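Every read-out reported here was derived from the displayed coordinates using simple, explicitly stated rules and does not represent laboratory data. Note that the coordinates shown come from a computational prediction; the quantities given were computed from them, not determined experimentally. Every residue, glycine among them, receives a Cβ derived from its backbone with ideal geometry; neighbour counts consider all protein chains shown.
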Amino acid sequence: MAAEGRRAGADAPRPGAGTSENGAGRDELYTQLNDAGRDELYDRLHAYEGRPAATAGQGKDLVNEPMIRHWCEAMGDTSPAYRGPDAVAPPTMLQAWTMGGLSGHTDGTGRSAAYDEMFALLDGAGYTSVVATDCEQEYLRPLRPGDRITFDTVIESVSPRKTTKLGTGYFVTTRTDVHADGERAGTHRFRILKYRPAQRTRGSEPARRPRPVINRDNAGFWAGVAEHRLLIQRCLDCATLRLPWLPGCNACGGAEWDTVAAGGEGTVFSHVVMHHPTFPAFAPDGEGGPYAVALVELAEGVRIVSNVIGVPYDKVRVGMPVHLDFLRTDPDLELPVFRAGEGG
């Protein structure tokens with residue numbers, strides 16, 4: 001099915017008009033309805049429909065077998081159509097061939113002035129956050145190693161103002177027509193929401209962490225936590241240590257085991273910082289701010305996922321020494337966590 005674009009309105013958009021140095025005043029200007037009940041900001045955004053977002057873009061690489069192989073390995077796709085002398089690229093790689101990578105497109109390919117103006121208009125009106133919502137693809141012919149990719153992108157549509165759980169904003173859809181050696185090969189539609197984050201309301205009760213699921217396979221672990229001990233299972237057949245708890249040994253399959261208590265010393269093996277979505281119960285400030293989640297390698301050689309406390313989230317580092325602590329998050333829940341060691 002052929003893609004169908006929309007033409008811009010007769011009135012050219014006027015990005016920047018009516019703005020002021022007072023951000024609040026500008027926000028009020030753009031979000032209030034006019035006397036006729038119209039959304040004035042939407043009227044201005046709507047005028048960008050049909051204008052180019054990128055023109056005569058060029059893929060940084062020819063369609064090539066190494067990228068196809070890497071994609072298939074990452075996706076677990078073993079189709080023979082993507083291997084051998086007559087290989088084609090997986091259709092869902094369509095967008096991959098247009099991407100500029102970390103360095104971006106350095107040959108002049110990139111956003112058009114109209115696209116930047118539209119985003120500046122939204123940012124200036126307070127719609128500064130963005131989230132990708134979905135994409136649609138149409139395939140007209142397969143891409144093969146050696147194809148040279150070019151593309152053109154148009155601002156296809158801007159929705160009226162919508163209210164979502166994330167906040168209030170506008171859905172912007174761009175359409176990219178992809179060509180291989182001058183022949184149209186497919187279309188990629190990409191939709192984002194530019195929004196003003198919703199105001200968080202403080203509940204009457206503080207947020208609580210989810211309750212652990214305790215069953216006969218892990219009840220001993222939680223009994224140890226209640227006594228401020230971190231218990232590790234040990235196979236009685238091969239002496240392999242295991243954590244988290246399992247009904248049988250992952251090394252030899254043995255079903256008999258006992259426990260050893262962790263000494264409490266460890267190091268951060270890897271970590272991530274959780275920014276979004278917000279979970280106030282996990283954040284040190286109780287407001288849902290960022291927090292660190294770490295995979296800690298214990299001195300005994302096993303690893304456990306937990307939180308690192310005692311340092312700001314952005315100070316957690318791989319190799320940082322930590323030691324076991326126990327954190328009571330509410331009257332009914334206590335968890336093993338790890339406190340950064342001195343000098344960490």
Any chance you could run the full-extension gain for Asp77 through Ser103? It's 0.36 nm times the residue separation minus the Cα-Cα distance, nm to one decimal.
6.5 nm
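What is the order of Lys315, Lys60, Lys194, fewest Cβ neighbours within 10 Å to most? List each step's numbers first, then the result.
Numbers: Lys315 12, Lys60 17, Lys194 22.
In increasing order of surrounding Cβ atoms, one gets Lys315, Lys60, Lys194.
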Please list, ordered by chain and number, the residues whose modelled amide H lies under 5 Å from the amide H of Gly341; skip anything fewer than 5 residues away on the same chain.
Val322, His323
May I ask you to evaluate 6.51 cos²θ - 1.76 cosθ + 1.60, the Karplus curve with θ = phi - 60°, for each residue of the stretch 227-237 and list the ³J(HN,Hα) values in order in whole Hz, giving x for glycine and proline?
9, 6, 10, 9, 8, 10, 6, 10, 5, 6, 8
What nm distance separates the two modelled labels at Ser159 and His276, each placed 7 Å from Cα along Cα→Cβ?
1.6 nm
Taking the alpha-carbon distance from Lys165 and a cut-off under 24 Å, which lysines remain once sequence neighbours fewer than 8 residues away in the same chain are dropped?
Lys194
For Thr164, what residues show an amide H to amide H distance below 5 Å, using hydrogens built from the backbone and excluding near sequence neighbours?
Gly169
Stretchable slack from Val293 to Arg209, in nm (0.36 nm times residue separation minus alpha-carbon distance)
28.8 nm
